[in-house]
Amino acid sequence: MPAAAEAVTERPAPSRPRDTWLRVAAVALVAVAVLAAVLLARGNDPEPAAGPPAADIGDGPVDRTVSITIANRTATPPTSRVEIARGSTIRITVTSDAADELHVHGHDRRATLTPGVPASVAFRADTAGLFEVETHLSDLVLVQLVVR
Ligand SMILES: [Cu+2]
């Protein structure tokens, strides 16, 4: 069969293994370059949005305020979801009838709760996700903070 004979004679082209190796090397090189470019671009990402550092909102104006009272290990209002835009600021004020510690997960803000004295955490929400705002001694989830 002439077709089969042709195929057999064409197969072992002597320069092909070397070409194939070069092609694989070129593809690998491009892949490494692309990966490096992606990683570098990510490292230079200017987010989060400009503004005061997350820790330094202090008593200044914020985009959103949440106030919670704790009495007899019960939070008022009850646990709810609070949604805010990433890059916006929020102040959470808690007044507890018992000594406790307030903790905002994800953004890691803490405040010591002294009985009857309002305590606040105020920060810029620069990380997207769902974060619990809780008390450590009474073990209450006060707010589920959704940042998107
Ligand atoms: Cu905690």
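The values are calculated or read from the model by the stated rules, or taken from the named source; none is laboratory data. What you see is a predicted model, and the numbers here were worked out from it, not measured in a lab. Ideal geometry is used to build each Cβ from the backbone, glycine not excepted, and the neighbour counts take in all protein chains shown.
Mind counting the residues in the range 125-136 that are without any contact (Cβ under 8 Å) to a residue 40 or more places away in the chain and within 11 Å of the ligand (Cβ to nearest atom)?
Matching residues across the range 125-136 total 4.
Considering the range 113-124 alone, what residues qualify as being within 14 Å of the ligand (Cβ to nearest atom) and either of a type in the set (Asp, Glu) or more than 19 Å from residue 71 (Cα to Cα) (or both)?
Selection gives 121 alone.
Could you list, in sequence order, all residues of the range 103-131 that are out of contact with any Ser or Thr (no Cβ under 8 Å at 6 or more places or on another chain) and under 11 Å from residue 147 (Cα atoms)?
126, 127, 128, 129, 130, 131
Which condition from (1) within 15 Å of the ligand (Cβ to nearest atom); (2) out of contact with any Leu (no Cβ under 9 Å at 6 or more places or on another chain); (3) in a strand (DSSP E or B) is the one that residue 139 breaks?
Residue 139 satisfies every listed condition except (3).
Please list, ordered by first then second residue, the pairs with beta carbon atoms under 8 Å, 6 or more apart or interchain, first in the range 57-70 and on the phi > 0 side of the Ramachandran plot, second surrounded by 15 or more Cβ atoms within 10 Å (Cβ to Cβ).
From residues that are on the phi > 0 side of the Ramachandran plot, the pairs are 58/122.
For the range 95-112, enumerate the residues that are in a strand (DSSP E or B), more than 13 Å from the ligand (Cβ to nearest atom) and surrounded by 14 or more Cβ atoms within 10 Å (Cβ to Cβ).
Of everything in the range 95-112, those that are in a strand (DSSP E or B), more than 13 Å from the ligand (Cβ to nearest atom) and surrounded by 14 or more Cβ atoms within 10 Å (Cβ to Cβ) turn out to be 95, 96.
For residues that are assigned to a loop (DSSP other than H, G, I, E, B), of a type in the set (Val, Ile, Thr) and modelled with pLDDT of 95 or more, tally how many sit in the range 49-85.
2
Looking for whichever is closer than 16 Å to residue 88 by Cα and at pLDDT 95 or above here; the options are 99, 122. Which one fits?
It is 122.
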